[in-house]
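To keep things clear, I will list the structure first and then write my remarks on it.
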Amino acid sequence: MNIILFGAPGAGKGTQANFLINEFDLIQISTGDMLREAVKLKTELGKQVETIMANGDLVPDKIIFSLISDRLNKEDIKKGFIFDGFPRNLKQAQKLDEIINDMNIKLDFVFHIDVDEEILTSRIENRAKQEKITRKDDTSSILIERLKVFNRETKPVLEYYSNKKILNVIDGMGTIEEVSLNISMIIKKDFKVD
Ligand code: ADP
């Protein structure tokens, strides 16, 4: 089973990704994690993307395509995977279609964890106030910038999957458990899980 999970910054995407990985025994493919690892290890790639990420902008598609192609070449993805943070713009979505067509695999579910803009903004502000900032791109002004990037670049991708009739919009304003339950009910309805 292959899944794409969308959610604006502050929507709770990471939490739900973890839930799905455990519940359905999937591999997580998070471009954000891969890029942060490169930055931490100070690789050539890490140096190229560090400032871009710290500003909340998208890293160039070419870099993302090479990360994704390499990752999808590994055996373990046959188990089923969840894309978290990819595709983030229309070019990436089109490229993903090409890649998976070539590989003869398909997407089973696309979820958008939908949260009202005002709630996102207030979650972002609270998060920045209360928690110790562990990520450079987690300050409130950068989070607001990332929200803008989401609206500008990623919203059209939601429309792309909506037109293909494979988008499931999930109300992201309930409790964590309610959101998880809504997602897993959709999966279990269409997919026999043992
Ligand atoms: P979030 O906390 O919103 O889930 P991520 O961890 O997915 O964010 O991504 C963090 C940063 O990494 C993004 O703001 C962006 O700079 C970069 N990034 C991650 N995935 C992509 C992608 N698919 N395309 C371009 N940039 C990306």
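The values are calculated or read from the model by the stated rules, or taken from the named source; none is laboratory data. Bear in mind the structure is a predicted one, so any value in this text is a computation, not a measurement. All Cβ positions, glycine included, derive from the backbone under ideal geometry; neighbour counts span all protein chains shown. Each accessible area value is taken on the protein alone, full model and side chains, heavy atoms only, with ligands, DNA and RNA left out. Shrake-Rupley method; radii C 1.70, N 1.55, O 1.52, S 1.80 Å.
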Using 0.36 nm per residue of separation minus the Cα-Cα distance, give me the extension gain between GLN94 and MET173 in nm, one decimal. 25.5 nm
Please list, in chain and number order, the residues 5+ apart from ASN168 or on another chain whose amide H is under 5 Å from its amide H, with Hs placed from the backbone. VAL110, PHE111, HIS112
Per the 1.4 Å probe, what fraction of the accessible area of the chain, in percent, lies on carbon and sulfur atoms? 49
Restricting to Cα pairs below 8 Å that are 6+ residues apart, what does the relative contact order work out to for the stretch 2-181? Please round to a whole percent. 36
Computed over the Cα atoms of the stretch 41-102, the Rg and Dmax in Å are 12.8, 35
1.4 Å probe accessible area per residue over the chain, in Å²: 55
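Explain nothing, just the number: dipole magnitude of the chain about its Cα centre with +1 on each Lys and Arg Cβ and -1 on each Asp and Glu Cβ, in debye rounded to the nearest 20.
Using only the charged Cβ atoms, the result is roughly 340 debye.
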Mind telling me which of ILE142, ILE63, ILE27 comes out most flexible in a GNM of the chain, alpha-carbon contacts under 10 Å? ILE63
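Counting residues in the chain as N, plug N into 2.2 N^0.38 Å and put the Cα Rg over that result. Walk me through the intermediate numbers first.
Working: Rg = 16.3 Å, N = 194, 2.2 N^0.38 = 16.3 Å.
Against the empirical 2.2 N^0.38 Å value, I get 1.00 for the chain.
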Which one of LEU45, LEU147, LEU90 has the biggest mean-square fluctuation once the chain is modelled by GNM with Cα springs under 10 Å? LEU45
Between LEU41 and MET103, with labels modelled 7 Å along Cα→Cβ, what's the label distance in nm to one decimal, could you check? 1.9
Build a GNM of the chain with springs between Cα atoms under 10 Å: which of PRO87, PRO60, PRO156 gets the top mean-square fluctuation? PRO60
